[in-house]
Amino acid sequence: MIWEIAVMIVALAFAVLVYFIIDTLKSLKSSLDEVKYTMVEVKQEITTISSEVKGVVNTTNQVAADVNAKLHSLNILFDSVNDVGQVIKQATSAVKHTAAGVMTSIKSRQEEHKQAKQLKTKQRGTMETISKGVAIAARLMQAYSKKEQSPKVRTQVSSHSHS
């Protein structure tokens, strides 16, 4: 009878063990069903996100290509601006050199004009001096002539009076 009680206890323990194993397996099945459902949803979400990511990548590639094209256009624009800057620099340099030449020419002409004016003033002074000298010479000649005529007149007057 001990054996029978022992077998009974073992059978009862086995039945309790089977009950708990069945309950655990049901719980495990339920969890696996949830995991399966979640995996299906994740797969759908990944498919949706994947197509959206592909769209974003395509748009990003298009934007990058557009930016590269515009940067190339800007490089051409900056090259043109640089060329215009060089032309303006050369034109400014030419104007600067021309202005310097004009200023030198003006200064040279002013100096020539100043020298011509000084020469005219000097010539005028020389002419005045010559005029004064001629006037003095004319007076001297008149005075000399009068002196020469005075003795002749005296001589003639004396010779007329002696006769």
Given 37 °C, 0.692 mPa s and a Kirkwood radius over Cα pairs, the Stokes-Einstein diffusion coefficient of the chain in µm²/s is 104
Over all distinct alpha-carbon pairs, what is the Kirkwood Rh of the stretch 77-148 in angstrom? 17.6
Within a Cβ distance under 14 Å of residue 115, other residues only, what is the Lys/Arg minus Asp/Glu net charge? +4
Quick one: Kirkwood hydrodynamic radius for the stretch 11-89, alpha-carbon pairs, angstrom, one decimal? 18.9
Anyone know which of 84, 95, 40 comes out most mobile in the 10 Å Cα GNM of the chain? 40
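No lab work stands behind these numbers, since they all come straight from the coordinates. The shown structure was predicted, so the numbers you read here are calculated from the model rather than taken from an experiment. Using ideal geometry, Cβ is built from the backbone for each residue, glycine included, and neighbour counts are taken over all protein chains shown.
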